[in-house]
Ligand code: GLP
């Protein structure tokens, strides 16, 4: 894993956006795997800024997102579709027909996972997958203990993830959905390039375990040590235990 040190959140965001920009410029019709959460917000803002300056063109880009809460409709302000629309899709010239997320309102788990896997396969896989990392080492919503060989599947959120994400639901854990659809580790590992972003002290242990710990489902991010082209862009605090 290649590690790029950033001074702070803004520096991390700019460096990550640079890597994504390079992908879009080198292959305008690339497939970008996108992530939600607080960490990539600055990265998307930087991409939007460069788009507004005329430096980026998303017209041929296709996107597939990592995950979506099961049960939340697109219009829910905490759905990942809503997040992507707010932070990126509505702000650049991406074709809405080329943006893909799991459908949280399809409660037929088998059908929804098959549909989403079908999309990714038909696209020929992912050129660059952006990832955040959970405080417990999760990637996408692949929680500790998940089998590495899965594609899109439905998971029960770990109590610590519900706790970490309740900040987005008025601080009320009862409002946080308890399940999500997520791309599996197999799908993530098949991406041709993986870009992980991490910032802040709360991620230091997860980053340490993912980068230097044993490769184990106990820390899903640790599998990335085996990816042939994985870049971690992290700030000083997130790298403080390495
Ligand atoms: C969420 C998302 C992940 C994200 C992670 C970290 O639960 N499903 O894709 O990477 O947790 O989120 P944050 O960047 O807000 O710390």
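Read-outs throughout are calculated quantities, based only on the coordinates presented, and are distinct from any laboratory measurement. Keep in mind it's a predicted model, so treat the numbers as computed, not measured. With ideal geometry, Cβ positions are generated from the backbone for all residues, glycine too; neighbour counts draw on all protein chains shown.
A few notes on this one:
- Note on the chain: antiparallel DSSP beta bridges, both residues inside, total approximately 25 percent of the bridges counted.
- Expected 222 nm ellipticity per residue - DSSP helices of 4 or more, -39500 (n - 2.57), all of the chain, to 500: -9500 deg cm²/dmol
- Taking a ≥ b ≥ c as the square roots of the eigenvalues of the Cα gyration tensor, the chain is classed as rounded, since a/c falls below 1.5.
- Most tightly packed first, judged by the mean number of other beta-carbon atoms within 10 Å of their residues, the peptides 129-137, 187-195, 154-162 read 129-137, 187-195, 154-162.
- Segment 40-66 residues near the modelled residue 93 label - backbone nitrogen below 16 Å, point 7 Å along Cα→Cβ: 48-62
- Label positions at residue 82 and residue 41, each projected 7 Å from the Cα along the C-beta direction, are separated by 1.4 nm.
- By other beta-carbon atoms within 10 Å, ranking 153, 138 with the fewest at the front produces 153, 138.
- Rounded to 5, the percent of DSSP beta bridges in segment 101-242 classed as antiparallel: 35 percent
- Least to most buried among 108, 95 (fewest other Cβ within 10 Å first): 108, 95
- Among 32, 66, 226, residue whose mean-square fluctuation peaks in a GNM of the chain (springs only between Cα atoms under 10 Å): 226
- By the beta-carbon count within 10 Å of each Cβ, the least crowded to most crowded order of 183, 1, fewest first, is 1, 183.
- Reducing segment 84-155 and segment 179-208 to their Cα centroids gives an inter-centroid distance of 12 Å.
- Length added when fully stretched, residue 107-residue 201, from 0.36 nm per residue minus Cα-Cα: 30.2 nm
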